[in-house]
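Derivation of every value follows stated rules applied to the coordinates shown; laboratory data play no part. No experiment lies behind these values; they were computed from the predicted model shown. Cβ atoms come from the backbone with ideal geometry, glycine included; neighbour counts cover every protein chain shown.
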Amino acid sequence: MRVGDMVRMSLSNLWKRKVRTLLTVTGVVIGTCAIVVMISLGLGMQKTMQDSLAQMGDLTIINIYNYNATADSPVLNDEMLNTFRQIEHVSVVTPSYDPENYGFGTIKSGRYQYSSNITGVDMSALADLGYEVQEGSLPEPNEDGTYDGIVLFSSESLYNFYNPNRRGGNVFIGMNTGEEPPVDVMEDKIEIVINKTEDTTKKAPEHKLTCPGILVTDWNKTPTPYGVFMDVNYLRKLEKEYKDLNGIKEDRNKVFAYQNVVVKVEDMKYVAEVEEQIKAMGFQNISSMESIRQPLEEQSRQQQMIFGGLGAISLFVAALGITNTMIMSIYERTREIGVMKVLGCVISDIRTMFLMEAGTIGFVGGVIGLALSYGISFAINTFGGGGGGNIYDIGGIGIGGVSIIPWWLAVGALIFATMVGLVSGFSPANRAVKISALTAIRQE
């Protein structure tokens, strides 16, 4: 028997019993719709949880701190930073360095001077850490490969310039007044002057600074771009100038160490693994969003299993309906089966024909159920607080609010519904081919 003939016979047999076929397909529709919508709600909850955590900070960031260090503790220095960079799945490592001498220098522009914190970072790591500029661009290295003389201000830190000679006190211009910052750091001349004590008669060194861009102030970033960013190596050079100018001797017994180091991991799924490797090196003062994310993700996974289980029950009931439909079809078509055998029809073709009928019921029910699922998800997202009603998948991530149906769920549901039909029809199909031809012909 040709495939086309088997397909036509299968569809014809289903059409002859329209009411029974419709009821069976309806069961598959309900089961498919239930399992897709339930899982989509679980995915929506997981996405909402991740978005909430992302608002609290980067989920791929690990902070390593140096407080409470003992003589036996590992040293958080440049050599250790290179060791961190060699860990698998680590993409970026940068120190967050606050100078030992906060008053080592003063940033000036004309009659204004800057008063706030200066933080040393690896300037080359800012782009990978997700820092953005609202004006200008992130810094590029100088011809010699360094970032000497380059600073970055945040949008808020621009208001930390003040006029120390202003009559009536040193008044800062606030952001809420609507006034423009007193200094245009990208256009005006800015410099840093190394501060000196009263006992020092040497001339204070001055260094010209350039600011290629203004950072967007994001309090969830680590380190927070509130003040001024300088390259950590350049900042340490300026600190050394300050000590040399004021005759401050270095403590040779003191081992230099950064107070805080930021490690960015390629993907949040590797954060726990990288954390364990860093702890194995002897660092225990570590923080990340992993301690919050893991329990919430486990809870979300359990909810997805519950939702999926409820949907699977509906699909199981649909499978019983398909089995019942196929068994009844065999009883009604026993004589037809006997005639096909007498005429020399291949046994496997008879089995295939019945499987086609069962698979068609599953496939059609899956398609309708999937379409209905998209409609329900759209309604949930539009009227149930999701907003916008976008339930489609872009770039591998489902986009939506309360309910999310990514492409893999849609394809998987369709395949699963079809397989449910085939599996449910397998036993009745085998039963059909085992019927004796003579017995079947005598059947009225």
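Things worth noting here:
- In order along the stretch 350-364, the phi-based Karplus estimate (6.51 cos²θ - 1.76 cosθ + 1.60, θ = phi - 60°) of 3J(HN,Hα) comes to 5, 4, 4, 4, 5, 5, 4, 4, 5, x, 5, 4, x, 5, 4 Hz; Gly and Pro are listed as x.
- Long-range amide H partners of N260 with built H, under 5 Å: S96
- For the residue pairs K202/K254; K196/K249; K189/K249, the alpha carbons lie more than 22 Å apart in K202/K254; K189/K249.
- Listed by chain and number, the lysines placed with their C-alpha closer than 23 angstrom to that of K47 are K221, K264, K269; residues fewer than eight positions away on the same chain are left out.
- Oblate is the label for the stretch 92-246, because the ratio a/c of its alpha-carbon gyration tensor axes (a ≥ b ≥ c) is 1.5 or higher and a/b is not greater than b/c.
- Each residue, T197 and T106, gets one label point 7 Å from its Cα in the Cβ direction; the gap between the two is 1.8 nm.
- Straight-line cross-link reach from K16 at under 23 Å between alpha-carbon atoms covers these lysines, not counting any fewer than eight positions away in the same chain: K341.
- When each of the peptides 243-255, 106-118, 128-140 is scored by the mean number of other C-beta atoms lying within 10 Å of its residues, the order from highest to lowest reads 106-118, 128-140, 243-255.
- Between the residues Q134, G120, N101, the greatest Cα displacement towards the positive end of the dipole of the stretch 93-143, with unit charges on the Cβ of Lys, Arg, Asp and Glu, is found for N101.
- Amide H contacts of I248 (H built 1.01 Å from N, under 5 Å, at least 5 apart or other chain): none
- Nonlocal amide H pairs with S403, under 5 Å, H built at 1.01 Å: N381
- Length added when fully stretched, V423-L310, from 0.36 nm per residue minus Cα-Cα: 38.7 nm
- Net length gained if the chain between V255 and S348 were fully extended (0.36 nm per residue, minus Cα distance): 25.4 nm
- Modelled FRET efficiency - R0 60 Å, V317 with I292, Cβ distances, 0.05 increments: 0.95
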